[in-house]
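This report refers to the structure that appears directly beneath it.
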Amino acid sequence: MSSKSLPILPGATLGILGGGQLGRMFTIAARTMGYKVMVLDPDASSPAGQMADVHLKANYADEAALQQLGGACAAVTTEFENVPAASLIALAKYCRVSPGAEAVAIVQDRSHEKSWLAQNGFATAPFALVYGEGDLDEALAETGTPALLKVARFGYDGKGQARVNTREEARAAFGEFGDQPCVLEGFVKLESEVSVVLARSDAGECRLFPVAENRHDNGILDVSIVPARVPESLAGQARSMARAVADKLGYVGVMAVEFFVAGGQLMVNEIAPRPHNSGHYTLDACVTDQFEQQVRALCGLPLGDTRLMSPVVMVNILGDRWHDGGPHWDALLAHPAIKLHLYGKEAARPGRKMGHFNVLDADPAAALLLAEQMRDAL
Ligand code: AMP
């Protein structure tokens, strides 16, 4: 990390690698606070590019673009884990970069991530690394069946994953993924899933957002319920484990830890080196939201108050809803305590995250009921 003096104050330019919805919400938060924002993303119509002061339309490994970004910005962060670690290292020659390349390199590859978690004593689902077809038999013996074969790199939202019951199915799935390195995971009987979004400063100060309870549909987050409906002792354990993961990684910035709950115990599923979909509830329900917190951590400002001001349910809006002329926004917007966030994406494809809405209600059960009714009414 460069020795740029901290804190970086409003008026400075901040950079972000990636122009998706997470980059867009970072850009909005940073501009609201008086920073200028430069986005690097090859897509000319990227959600974050639309909101930025400057949009550099180039690849993440483009040396000239990285030089331009690093030269113009006081600090640069990322909105996705698949940014080449080499780009973060290159940028760090010019300006402050957080999170650092080392942490990103661990979590952007499932095999490194799972091995790192196991080595550091964090419980995970049973897993085995698969580098070639010859590893499959031993891997299946390790995990049992059913199991999930997951590509080590570039999988997201349930993509690059296959459920396998037999050796033949595992072989077929491995071949379908193009013989690339994979992780085989035992299929866990989930009681629920929870996640913790947190921020950690250079000095090691940590602020955690309330634990979210997450429901997935087809491997994609559908609904987050906050506060999570789990025993306080389990929520406390999730917070301590998330914090321990951040400390062990020496992480600086906003990150998320997703957990499985099985047999009343927590297992770490995934680490995201960035704000997270399951933290979108913070936009309307917390004193500080996860994107303002990302700005604060990046700029070396004191971290904001993460207090929950109201129970909240977040619902993702996927492209599937566009099939018959588009969602019924009027029904949604008729409710005074529903907050709509759309990402400015032009093409609505099935499974594509187009936006989300937050339902706030002092009664958590009423918030969930209205959220489900609205999701179905859309
Ligand atoms: P991932 O992309 O690995 O986070 O997987 C997406 C979702 O699929 C998770 O949030 C779970 O709902 C489900 N899932 C993934 N891995 C497992 C597993 N080993 N056992 C049971 N469910 C899983």
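Under 15 Å between C-alpha atoms is the cut-off here; go through the chain and count lysine pairs that meet it, provided they're at least eight residues apart or on different chains.
6
Using only DSSP helix segments of four residues or longer, with each worth -39500 (n - 2.57), what per-residue ellipticity at 222 nm results for the chain after dividing by its residue count and rounding to 500?
Result for the chain: -9000 deg cm²/dmol, rounded to the nearest 500.
P(r) of the chain in 20 Å steps, Cα pairs, percent per bin?
Final binned percentages: 28, 60, 12.
So, taking all protein chains as they sit and a 1.4 Å probe, how much accessible area belongs to Thr306, in Å² rounded to tens?
Counting only protein heavy atoms, the figure is 20 Å².
Under a 1.4 Å probe, what is the accessible area of the stretch 126-186 per residue, stated in Å²? Could you put the intermediate results ahead of the total?
Details: 3090 Å² over 61 residues.
Here the per-residue accessible area is 51 Å².
Calculate, for the stretch 298-359, the solvent-accessible area per residue in square angstrom, rolling a 1.4 angstrom probe over the heavy atoms of the protein chains.
That works out to 47 Å² per residue.
What is the magnitude of the charge dipole of the stretch 126-186 about its Cα centre, with +1 placed on the Cβ of each Lys and Arg, -1 on the Cβ of each Asp and Glu, and no other charges, expressed in debye to the nearest 20?
Details: 6 positive and 11 negative charges, 49 e Å.
Roughly 240 debye for the stretch 126-186.
Could you grab the relative contact order for the chain? Cα pairs under 8 Å, six or more apart, rounded to a whole percent.
That works out to 14 percent.
When the Cα centres of the stretch 309-349 and the stretch 71-134 are compared, how far apart do they sit, in Å?
32
Given 25 °C and 0.890 mPa s, compute D for the stretch 3-97 with the Stokes-Einstein relation, Rh being the Kirkwood radius over Cα pairs; round to the nearest whole µm²/s. Please report the intermediate quantities before stating the final value.
Values: Rh = 12.8 Å.
Answer from the Stokes-Einstein relation: 192 µm²/s.
Per residue, how much accessible surface does the stretch 3-97 expose to a 1.4 Å probe? Answer in Å², no decimals.
Working: 3690 Å² over 95 residues.
That works out to 39 Å² per residue.
Any idea what the alpha-carbon Rg over 2.2 N^0.38 Å comes to for the stretch 126-186?
Cα Rg divided by the expected 2.2 N^0.38 Å: 0.94.
Rg/Rh for the stretch 192-377 to two decimals, with Rh computed the Kirkwood way over all alpha-carbon pairs.
For the stretch 192-377, the value is 0.97.
Exactly which trypsin sites (Lys or Arg not before Pro) in the stretch 82-130 are in a DSSP loop and have at most 15 other Cβ atoms within 10 Å?
Values: sites: Lys93, Arg96, Arg110, Lys114; in loops: Lys93.
Hits after loop and neighbour filter: Lys93.
Using only the Cα atoms of the stretch 278-378, each taken as one equal point scatterer with no solvent, compute I(q) by the Debye sum, divide by I(0), and report log10 of the ratio at q = 0.11, 0.15, 0.25 Å⁻¹.
Per q value, in the given order, log10 I(q)/I(0) is -0.38, -0.66, -1.27.
Would you work out what percent of the accessible area of the chain, with all protein chains in place, is carbon or sulfur (probe 1.4 Å)?
Heavy-atom surface of the chain belonging to carbon and sulfur, 1.4 Å probe: 51 percent.
Tabulate in residue order the Karplus-calculated ³J(HN,Hα) for the stretch 83-100, using 6.51 cos²θ - 1.76 cosθ + 1.60 with θ = phi - 60°, rounded to whole Hz; enter x for Gly and Pro.
Running phi through 6.51 cos²θ - 1.76 cosθ + 1.60 with θ = phi - 60° gives 5, x, 4, 5, 5, 5, 5, 4, 5, 5, 6, 9, 8, 5, 10, 8, x, x Hz.
Can you list the HN-Hα couplings for the stretch 366-378, worked out from phi with the Karplus curve (6.51, -1.76, 1.60; θ = phi - 60°), rounded to whole Hz and with x for Gly and Pro?
5, 4, 5, 4, 5, 4, 5, 4, 5, 4, 6, 6, 4
Using the Kirkwood radius over C-alpha pairs as Rh, can you work out the diffusion coefficient of the stretch 108-152 via Stokes-Einstein at 25 °C, viscosity 0.890 mPa s, in µm² per second?
Answer, rounded: 220 µm²/s.
The values are calculated or read from the model by the stated rules, or taken from the named source; none is laboratory data. No experiment lies behind these values; they were computed from the predicted model shown. Because the Cβ atoms are built from the backbone with ideal geometry, glycine has one as well, and the counts that use them run over all protein chains shown. Note: accessible area is taken over every heavy atom of the protein model, side chains too, but ligands, DNA and RNA are not part of it. Shrake-Rupley method; radii C 1.70, N 1.55, O 1.52, S 1.80 Å.
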